1. Regarding the chain, what's the average projected area of the Cα-atom convex hull, expressed in nm²?
2. Quick one: among F122, F104, F53, which has the greatest mean-square fluctuation in a GNM of the chain with alpha-carbon springs under 10 angstrom?
3. Can you give the angle from 0 to 90° between the axis of helix 7-18 and the longest principal axis of the chain, with both taken from C-alpha atoms, to the nearest 10?
4. Mind sorting M61, M193 by how few other Cβ atoms lie within 10 Å of their own Cβ, fewest first?
5. Please get the size of the charge dipole for the chain, origin at its Cα centre, with Cβ charges of +1 on Lys and Arg and -1 on Asp and Glu, quoted in debye to the nearest 20.
6. Order of L69, L18 from fewest to most other C-beta atoms within 10 Å?
7. Using a 10 angstrom cutoff on alpha carbons, build the Gaussian network for the chain and name the most mobile of P139, P101, P110.
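Here, each number is a calculation from the coordinates, and none is a lab measurement. Source: prediction; values computed, not measured. Don't worry about glycine lacking a Cβ; one is built from the backbone with ideal geometry, like all the others, and counts go over all protein chains shown.
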Amino acid sequence: MTDPGARAPLAEQVEQLLADGGELTIVSAGDPVLRQGTEPYEGQLAPALLERFVQALRTTMHAAPGVGLAAPQVGVPLRIAVIEDPAPVPEEVRLARGRVPQPFRVLVNPSYEAVGPARAAFFEGCLSVPGWQAVVARPAQVRLTCQDEHGRPVDEVFTGWPARIVQHETDHLDGTLYLDRAEPRSLSSAQAMAERWNQPTPATAARALGFALPDGEA
Ligand code: ZN
């Protein structure tokens with residue numbers, strides 16, 4: 001049930017965010033908006049405002065640069081995220097991580113469930129935790145249910161890197177950061193990532209730092 005009285009503030013907040021045009025400011029870990037969960041989108045933003053907000057999320061994601069961005073990351077507690085990954089990576093990385101191009105998508109009210117028991121573990125990072133990466137073991141394949149930006153239902157299975165992006169962004173909408181699911185001993189600075197852990201898989205890092213990978217991982 002929607003409280004009509006609660007609608008105006010959210011729309012006003014988004015109008016104010018968009019007033020300056022261009023990129024939005026990404027909030028960092030420690031801001032409660034990243035931890036408090038989100039309201040389902042139920043028309044709180046009129047169609048034209050929703051379209052402008054989605055475009056601003058996309059512009060901000062590109063500028064960061066990132067491959068996904070959730071509304072709470074710009075301070076808006078709505079269940080909306082965008083994803084897009086041109087996947088400009090070497091062939092060996094593409095094969096190891098399943099990092100195939102993911103066209104731009106808007107996820108409205110998304111949720112996911114694992115498909116099968118397989119898990120994949122790789123380093124990932126977050127625009128709200130700048131400067132760090134950590135290894136997260138996640139379901140290798142997930143079923144996403146949501147709506148698109150026009151309210152049309154989506155029910156689709158994602159694999160490889162796109163499955164990871166879908167999970168990471170949907171988790172944001174539940175107030176979960178990737179660090180909550182990460183191997184703590186894998187935590188690595190941008191410098192360590194560049195100098196040491198640029199292999200296609202985290203196997204070398206696992207041995208050197210002393211953390212476990214799921215069964216079946218090299
Ligand atoms: Zn993130």
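1. Numbers: hull surface 48.8 nm².
Averaging across all directions leaves 12.2 nm² for the Cα convex hull.
2. Comparing F122, F104, F53 in the GNM, the peak value goes to F104.
3. Roughly 70 degrees between the two axes.
4. Numbers: M61 26, M193 16.
In increasing order of surrounding Cβ atoms, one gets M193, M61.
5. Working: 18 positive and 27 negative charges, 122 e Å.
That gives a dipole near 580 debye.
6. Working: L69 27, L18 15.
If I rank by nearby Cβ atoms, fewest first, I get L18, L69.
7. Per the Cα network of the chain with a 10 Å cutoff, P101 tops the list.
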